[in-house]
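Okay, structure first, notes after.
The values are calculated or read from the model by the stated rules, or taken from the named source; none is laboratory data. Small disclaimer: the values here were computed from a predicted structure and weren't measured. Here the Cβ is made from the backbone with ideal geometry for all residues, glycine too, and neighbour counts use every protein chain on show. The area values use the complete protein model at the heavy-atom level, side chains included, leaving out ligands, DNA and RNA. Shrake-Rupley method; radii C 1.70, N 1.55, O 1.52, S 1.80 Å.
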Amino acid sequence: QVQLVESGGGLVQPGGSLRLSCAASGSIFSIATMGWYRQAPGKQRELVATIISGGNTKHADSVKGRFTISRDIAKNTMYLQMNSLKPEDTAVYYCNADLRSYGGLNYWGKGTLVTVSS
């Protein structure tokens with residue numbers, strides 16, 4: 001089955017930057033809708049950004065102008081560039097790939113922790 005592995009999380013100071021990566025098994029980026037979600041302690045998981053097979057992107061209002069989702073199809077890797085980080089960005093960030101339109105499942109990575117604190 002499809003496997004997603006996130007990396008790049010860690011501790012950063014407010015105002016700092018961090019880039020998350022999501023490596024996927026198989027060549028799925030050309031057809032799948034992919035995205036980044038996050039879940040803070042005690043809160044529900046929320047959508048951060050999505051990128052579709054055609055390359056169009058969408059970002060949540062809370063991160064618009066600060067975060068940028070992108071992908072490298074040849075490397076089967078998706079990225080989330082995070083700038084001007086705030087303490088409220090602290091959460092476990094999850095990579096998602098939705099292949100339900102192609103007879104597959106909605107796949108999730110195990111997550112990578114981002115902590116924004118001074």
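Quick look at the numbers
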item	result
Considering residues of the stretch 93-114 that are free of Cβ contacts under 8 Å to residues at least 60 places away in the same chain and not in a helix (DSSP H, G or I) only, the residue farthest from residue 51 (Cα to Cα)	103
Test result for residue 84, modelled with pLDDT of 95 or more, among the hydroxyl-bearing types (Ser, Thr, Tyr) and over 16 Å from the mean Cα position of the chain (by Cα)	yes
Scan of the stretch 75-118 for residues that are in contact with an Asp or Glu (Cβ under 6 Å, 6 or more places away or on another chain) and open to solvent by 40 Å² or more (accessible area, probe 1.4 Å), ordered by number	106
Qualifying positions in the stretch 55-74 - open to solvent by less than 40 Å² (accessible area, probe 1.4 Å) and touching a Ser or Thr at 6+ places or on another chain (Cβ under 7 Å)	66, 69
The stretch 1-48, residues that are open to solvent by 80 Å² or more (accessible area, probe 1.4 Å), in a loop (DSSP other than H, G, I, E, B) and at pLDDT 95 or above	13, 43, 44, 45
Output for the stretch 58-90, where each listed residue is over 28 Å from residue 3 (Cβ atoms) and in a loop (DSSP other than H, G, I, E, B)	61, 62, 64, 65, 66, 83, 84, 86
